[in-house]
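Asks: Let me begin by handing over the structure; questions about it come next.
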Amino acid sequence: MELTVLTLSFTLLLILGVPVAFAIGLSSVATIVAAGLPIPVVFQKMVGGMQVFSFLAIPFFVFAGELMLYGGIADRIVKFANSLIGHVRGGLGMSNVLGCTIFGGVAGSPLADVSAMGSVMIPLMKKEGYDADYAVNVTTHAALVGAIMPTSHNMIIFTLATSGIASVSVLGLILAGLVPAVILTLCNLAAAYWVAVKRGYPVHGAFPGWGAVGGAFAAALPGLLVVVIILGGILSGAFTATESASIAVAWALFVTAVVYRTMTLQNFLKACAKACKTTGVVLLLIGISNSFGYFMALYEVPQKTGELMQMVSSSPWVIFLMINILLFILGTFLDMAATILICTPIFMPIAMQFGMDPLQFGILMLINCALGLNTPPVGSVQFVGCAIGGISVGQVMRTIAPFYGALGACLLLVTYVPAFSLWLPNLLK
């Protein structure tokens, strides 16, 4: 009875358009009342869920991303990417893919990525004769790579969602995401090139020479070094994964204010305000989801879901495919953080039961959640891209298939070839 109340109330509130955090909280209160338990249990679980030292990494990573967004790093990354690959057919689109991937690695946020790179690249691509739907699809899909890059705060959220299920280190998850990030970038480049050739987009200029490429890379290097500093510092033991987030903020401030001298007081205040807002939303979701997870564990939701899946098939291949499909469907209705916090306790034990490593499942989860950011009705990355491109979501969805295919190919490789996500963590153990 209580599980029915939890499920139906949560689903009904989402259908009514209630924000996810409030839907989770209200459904938890409804379940408490139905179970006859004291209502303060909900608030105890909320507060306990937020009182974790590792959570300090989330506001710092978010703040670092916002500083890089407002500090002018994107322009230098665009110039470097365009000098490297802009001379091939559809080169501006491929430059967009490369630039978004690089900036995603620096900022760690798909939404910040599409906001920064999209504002530069989408109008430029339209001016050079590229269709608006192509420009938006290239940008929004390339931006998703940021979800599995070292500076992604969603990795921190996932490691915390696995508490009590398995021991997943932030460093292990960071290393597990590097090879899939490269694969996803190559898939996006292939999709961008294929569509460009099919539509007959022009070649813009000749290769500027390795001297120009080196100069553009040198200009972008100070911003790019944040990834090297984070990985090097954690691997060497100079600082922990949580402390690395504060190092990222300090480096972002130094680069934008001292090296590039592009950070103004107005933009700094905007970055602070945006980081505070994002952090508040994320921590609210984490706290409320902790109470929601308490009920799922109490009423054995993961076990019951696993039993239902095994009634369909006992093959790991089929089970993993079902998990991907369910995560994709849920990701279209929930924000990324909410999907991670709600679905990890349900699906991770099932995946582990059928032989999937927790790190491999983490990357699978992050890629599925990223795909949800670019899928209506709650695709925040897609909405921002469409707003910049001045085109409707419906128009973009008509030509999205090649880019979905690229992301789907990467997801299947991560799902069924464990070495892609586990090789690097095992190598550096």
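Asks: Inside region 54-168, counting only helices (runs of 4 or more DSSP H) that do not spill past its ends, which hold 3 or more residues that are under 24 Å from Ile391 (Cα atoms)?
Replies: Correct list: 73-85, 91-107, 110-127, 132-143.
Asks: In the set Gly108, Gly99, Gly118, which member is on the phi > 0 side of the Ramachandran plot and out of contact with any strand residue (DSSP E or B) (no Cβ under 6 Å at 6 or more places or on another chain)?
Replies: None of the other options fit; the residue is Gly108.
Asks: Examine region 29-36 for a residue that is among the β-branched types (Val, Ile, Thr) and either within 27 Å of the chain's Cα centre (by Cα) or not in a helix (DSSP H, G or I) (or both), and state whether such a residue exists.
Replies: No, region 29-36 contains no residue that is among the β-branched types (Val, Ile, Thr) and either within 27 Å of the chain's Cα centre (by Cα) or not in a helix (DSSP H, G or I) (or both).
Asks: Same structure, new question: Among the residues of region 258-277, is there at least one that is basic (Lys, Arg) and part of a loop (DSSP other than H, G, I, E, B)?
Replies: Among the residues of region 258-277, at least one is basic (Lys, Arg) and part of a loop (DSSP other than H, G, I, E, B), which makes the answer yes.
Asks: Moving on to the next point. Inspect region 63-81 for any residue being under 18 Å from Ala191 (Cα atoms) and modelled with pLDDT of 80 or more and give the result as yes or no.
Replies: yes
Asks: Here's a follow-up. Residue by residue through region 307-342, note down the ones that are part of a helix (DSSP H, G or I) and polar (S, T, N, Q).
Replies: Gln310, Asn324, Thr339
Asks: I'd like the residue in region 304-332 that is aromatic (Phe, Trp, Tyr) and more than 21 Å from Ile165 (Cα to Cα) and, out of all such residues, is modelled with the highest pLDDT.
Replies: For region 304-332, the residue satisfying everything is Trp317.
Asks: Right, another one. Out of (1) free of Cβ contacts under 8 Å to residues at least 12 places away in the same chain; (2) closer than 30 Å to Pro349 by Cβ; (3) not small (Gly, Ala, Ser), the odd one out for Ile148 is which?
Replies: Unmet condition: (1).
Asks: Among the residues that make up region 343-359, is at least one of them touching a Phe, Trp or Tyr at 6+ places or on another chain (Cβ under 8 Å), under 29 Å from Ser27 (Cβ atoms), part of a helix (DSSP H, G or I) and among the polar types (S, T, N, Q)?
Replies: Yes: region 343-359 contains one or more residues that are touching a Phe, Trp or Tyr at 6+ places or on another chain (Cβ under 8 Å), under 29 Å from Ser27 (Cβ atoms), part of a helix (DSSP H, G or I) and among the polar types (S, T, N, Q).
Asks: Give the residues of region 333-350 that are at pLDDT 85 or above and surrounded by 24 or more Cβ atoms within 10 Å (Cβ to Cβ), sorted by residue number.
Replies: Ile340, Thr344, Phe347, Met348
Asks: Can you pull out the residues in region 37-53 that are modelled with pLDDT of 75 or more and outside any helix (DSSP H, G or I)?
Replies: Leu37, Pro38, Ile39
Asks: Checking the structure you have, find out if any residue of region 366-375 is over 15 Å from the mean Cα position of the chain (by Cα) and under 25 Å from Ala419 (Cα atoms).
Replies: No, that holds for no residue.
Asks: Scanning for something hydrophobic (A, V, I, L, M, F, W, C), touching an Asp or Glu at 6+ places or on another chain (Cβ under 7 Å) and surrounded by fewer than 24 Cβ atoms within 10 Å (Cβ to Cβ), does region 120-133 turn up at least one residue?
Replies: Checked region 120-133: at least one residue is hydrophobic (A, V, I, L, M, F, W, C), touching an Asp or Glu at 6+ places or on another chain (Cβ under 7 Å) and surrounded by fewer than 24 Cβ atoms within 10 Å (Cβ to Cβ).
The values are calculated or read from the model by the stated rules, or taken from the named source; none is laboratory data. This structure is a prediction, so every number in the text was calculated from the model and none was measured. For neighbour counting, all protein chains shown are included, and Cβ atoms are generated from backbone atoms with ideal geometry for every residue, glycine included.
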